[in-house]
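S.K.: To start, I am sharing the structure in question, which I have written as structure tokens.
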Amino acid sequence: PMQLQRDATQAFARIHPDDFDSIGEGIEISAQAFSPWHQQFRVNLPRRGLRWIEGRAIPEARANGSVLWHGYLVDVTERKALEIASEIEHERTRVTLRSIGDAVITTDRLGLVEYLNPVAESLTGWRCNDAVGQPVDQVFRIVRQHDRVPAGNPVTRCLAEGMIIGATADALLIARHG
């Protein structure tokens, strides 16, 4: 810490080149506004290799016009690796759902729509962005084919009963605009 107070060049030399400009901008904004600094960035350490670091600091104005930050740096490499792996898996799932030839609608446990694949968008008349957050009964409206009486929504029943539920055989899907 004492060495860094005098000259932080050695520490800045370890910052990954792709993150260097962002760190400089973040520090500059913090210094100008005297606002807290918080960033994640990569460093290349001689014995440990590439690591992800999370930094948080509060700037302090010094009498000589300089700025001193009080804060900490934490190695978050393992957490970042999990985040990246989760993002990759999430993207793989989205690609898979987009490529399935059947309609797929996902909801949260309250029955609010979280995702529609392109086939579901086509059949329901809802764009995914418009459907997200809507009750599934509004997006996936089915009636009995012969008398147009609303049929029980299998998604709603599935969520209530915790079982796999199929739609009735004579169900008719009513698209968004009738």
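S.K.: Taking 7 Å along the Cα-to-C-beta vector as the label spot, tell me the ALA81-VAL132 distance in nanometres, rounded to one decimal.
M.R.: Reported label-point gap for ALA81 and VAL132 is 3.0 nm.
S.K.: On the protein heavy atoms, probe 1.4 angstrom, tell me the percent of accessible surface of the stretch 95-150 carried by carbon and sulfur.
M.R.: On the stretch 95-150, the fraction of accessible area on carbon and sulfur atoms equals 51 percent.
S.K.: Of all the Cα-Cα pairs you can form in the stretch 75-173, what percent are over 18 Å apart?
M.R.: Result: 57 percent of Cα pairs exceed 18 Å.
S.K.: So, one more: Accessible area of VAL76, 1.4 Å probe, to the nearest 10 Å²?
M.R.: Estimated to the nearest 10 Å², VAL76 gives 10 Å².
S.K.: Could you give P(r) for the stretch 128-167, binned at 5 Å from zero, as whole percent values over all Cα-Cα pairs?
M.R.: 6, 22, 24, 22, 17, 8, 1
S.K.: Between ALA11 and PHE34, what FRET efficiency comes out of the Förster formula 1/(1 + (r/R0)^6) with R0 = 22 Å and r the beta carbon distance, rounded to 0.05?
M.R.: Rounded to the nearest 0.05, the efficiency is 0.50.
S.K.: Could you sort SER30, SER35, SER99 by accessible area so the largest value comes first, with the probe set to 1.4 Å?
M.R.: In descending accessible area the options line up as SER99, SER35, SER30.
S.K.: Could I ask something else about it? Applying 1/(1 + (r/R0)^6) with R0 = 22 Å to the Cβ-Cβ distance of VAL149 and LEU110, what FRET efficiency is obtained, to the nearest 0.05? The partial results should precede the final answer.
M.R.: Details: r = 25 Å, r/R0 = 1.16.
E(calc), rounded to 0.05, equals 0.30.
S.K.: What ³J(HN,Hα) values, in whole Hz, does the Karplus curve 6.51 cos²θ - 1.76 cosθ + 1.60 give for the stretch 154-167 when θ = phi - 60°, with x put for Gly and Pro?
M.R.: The phi angles translate into x, 5, 4, 5, 4, 5, 6, 9, x, 10, 6, 10, x, 6 Hz.
S.K.: Now for a different question. Given a cut-off of under 8 Å on Cα pairs at least six residues apart, what relative contact order in percent is computed for the chain?
M.R.: For the chain, the relative contact order is 11 percent.
S.K.: What ranking of VAL74, VAL104 comes out by heavy-atom accessible area, probe 1.4 Å, highest first? Walk me through the numbers on the way to the answer.
M.R.: On the way: VAL74 60, VAL104 25 Å².
Of VAL74, VAL104, the descending order of accessible area is VAL74, VAL104.
S.K.: Between rounded, prolate and oblate, where does the stretch 1-137 land on the alpha carbon gyration tensor, with a ≥ b ≥ c its root eigenvalues, rounded for a/c under 1.5, else prolate if a/b exceeds b/c?
M.R.: Taking the square roots of the gyration eigenvalues as a ≥ b ≥ c, the stretch 1-137 is prolate.
S.K.: Round to the nearest 10 and give me the degree value, 0 to 90, for the angle of helix 77-99's Cα axis relative to the longest principal axis of the chain.
M.R.: The angle comes out at about 30 degrees.
S.K.: Heavy-atom accessible area per residue, the chain, 1.4 Å probe: how many Å²?
M.R.: Per residue, the chain has an accessible area of 69 Å².
S.K.: Whenever you get a sec, compute what percent of the accessible area on the stretch 1-90 sits on carbon and sulfur atoms (1.4 Å probe).
M.R.: Roughly 56 percent of what the probe reaches on the stretch 1-90 is carbon or sulfur.
The values are calculated or read from the model by the stated rules, or taken from the named source; none is laboratory data. Given the structure is predicted, the values throughout are model-derived calculations rather than measurements. A quick note on method: Cβ atoms are made from the backbone with ideal geometry, for glycine too, and the neighbour counts reach across all protein chains shown. For the accessible areas, the whole protein counts, side chains as well, though only heavy atoms, and no ligand, DNA or RNA atoms are used. Shrake-Rupley method; radii C 1.70, N 1.55, O 1.52, S 1.80 Å.
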